[in-house]
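Asks: Below is the structure I would like to discuss, written out as structure tokens.
Where a number appears in this text, it was derived from the coordinates with a stated rule and is not lab data. Note that the structure is predicted; figures quoted are calculated from it, not measured. In this analysis, Cβ positions are derived from the backbone assuming ideal geometry, glycine residues included, and neighbour counts consider all displayed protein chains.
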Amino acid sequence: MNLDIDKIESNWQTYEKLLKRLCDDNLNNLLDDLADRLCSCPASMRIDQYACTPGGLIQHSLDVTATMRNLNDSLELGLSVSSILKTGLLHDIGKVGDIENDYFLSQESEWHREKLGQMYRYNENIQKMSLSHRSLFLLQHYGVVLAEDEWIAIQLAQGSHFEENRFYARSEPTLGLILQQAKSLSIHRS
């Protein structure tokens, strides 16, 4: 699925509008600084994976957030809309990279693009860290305050099967469980 420029712009406007509802100057600074990079960021590097296209990260984040809201409403969980917006829209923000450098770079190898469907490659010139840690690092760099369950939800967003997340098994906050389920459903539908 390739997103046209109008869809990328429309998604960005929706993404930015939802996050600005949180009335957080630090979050607004993050959006101002990273807007161009976020708008064009893919969500994954291979075409057989979800949202491997410019604008894919924002599309995926919007899908996850909408699914979280639907799950919250249908299951009557009582989670706050602000926590859903913050975690759903920001859980994968580390895919943009670090403060100055992109995480995904265009794949220059024709062979990798044609044979493996690998449209992007990881930037090996940025500090190695897990995606959850990179997301949390960016948020703390900009001074975005997270509640305890929001922090844990973003930490667990990539799944409880990772060694770094096993400690939380069977004690995940509801927000974390809903984020994981929404992410899985969004990926499954794409």
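Asks: Can you tell me how the stretch 3-49 classifies by the Cα gyration tensor, rounded, prolate or oblate, using a/c under 1.5 as the rounded cut?
Replies: prolate
Asks: Comparing 155, 127, 107, which has the greatest mean-square fluctuation in the GNM of the chain with Cα pairs linked when under 10 Å apart?
Replies: In this elastic network of the chain, the residue with the biggest mean-square fluctuation among 155, 127, 107 is 127.
Asks: Something else: Please state the charge dipole magnitude for the chain, taken about the Cα centre, from unit charges on C-beta atoms (+1 on K and R, -1 on D and E), reported in debye and rounded to the nearest 20.
Replies: 460 debye
Asks: Moving on to the next point. Could you tell me which GluC sites (Glu not before Pro) in the stretch 78-153 are loop residues by DSSP with no more than 15 other beta carbons within 10 angstrom of their beta carbon?
Replies: 100, 108, 124
Asks: Turning to a different aspect of this structure: Using the 10 angstrom Cβ neighbour count as an exposure proxy, how do 14, 87, 53 rank, fewest first?
Replies: The order, fewest Cβ neighbours first, is 14, 53, 87.
Asks: Fewest first, what order do 189, 113 take by the number of other Cβ atoms within 10 Å?
Replies: 189, 113
Asks: Rounded to the nearest 10 degrees, what's the angle between the helix 56-74 long axis and the longest principal axis of the chain, both from Cα atoms, 0 to 90?
Replies: Here the helix axis deviates by roughly 20 degrees.
Asks: With respect to the cross-link table entries 20/115; 86/128; 20/183, which display a Cα-Cα separation exceeding 30 Å?
Replies: The answer is 20/115.
Asks: Hey, another quick one. Taking 7 Å along the Cα-to-C-beta vector as the label spot, tell me the residue 137-residue 7 distance in nanometres, rounded to one decimal.
Replies: Calculated label separation equals 3.2 nm.
Asks: Let me ask something else. Dividing the Cα radius of gyration by the Kirkwood radius, what Rg/Rh value follows for the stretch 1-97?
Replies: That ratio equals 0.98.
Asks: Helix-only estimate, please: 222 nm mean residue ellipticity of the chain, summing -39500 (n - 2.57) across DSSP H runs of length 4 or more and dividing by its residues, to the nearest 500.
Replies: So the calculated ellipticity at 222 nm is -17500 deg cm²/dmol.
Asks: I want to verify a result. In a Gaussian network model of the chain, Cα cutoff 10 Å, which of these has the top mean-square fluctuation: 179, 34, 57?
Replies: 34
Asks: How far apart, in nanometres, would the label points at residue 75 and residue 46 be if each is projected 7 angstrom from Cα along the Cα-to-Cβ direction?
Replies: 2.9 nm
Asks: Continuing with this model, one more query. So what is the relative contact order for the chain, in percent, with contacts set as C-alpha pairs under 8 Å and at least six apart?
Replies: Dividing the mean separation by the residue count of the chain yields 22 percent.
Asks: Additional query: Can you compute 3J(HN,Hα) from phi for each residue in the stretch 88-96, using the Karplus curve 6.51 cos²θ - 1.76 cosθ + 1.60 with θ = phi - 60°, rounded to whole Hz and x for Gly and Pro?
Replies: x, 7, 10, 4, 10, 4, x, 5, 6
Asks: Here is a further query. Tabulate in residue order the Karplus-calculated ³J(HN,Hα) for the stretch 111-119, using 6.51 cos²θ - 1.76 cosθ + 1.60 with θ = phi - 60°, rounded to whole Hz; enter x for Gly and Pro.
Replies: 4, 5, 5, 6, 7, 10, x, 8, 7
Asks: Then there's this: Taking one equal scatterer on every alpha-carbon of the chain, how large is log10 of I(q)/I(0) by Debye at q = 0.10, 0.16, 0.19 1/Å?
Replies: -0.38, -1.02, -1.44
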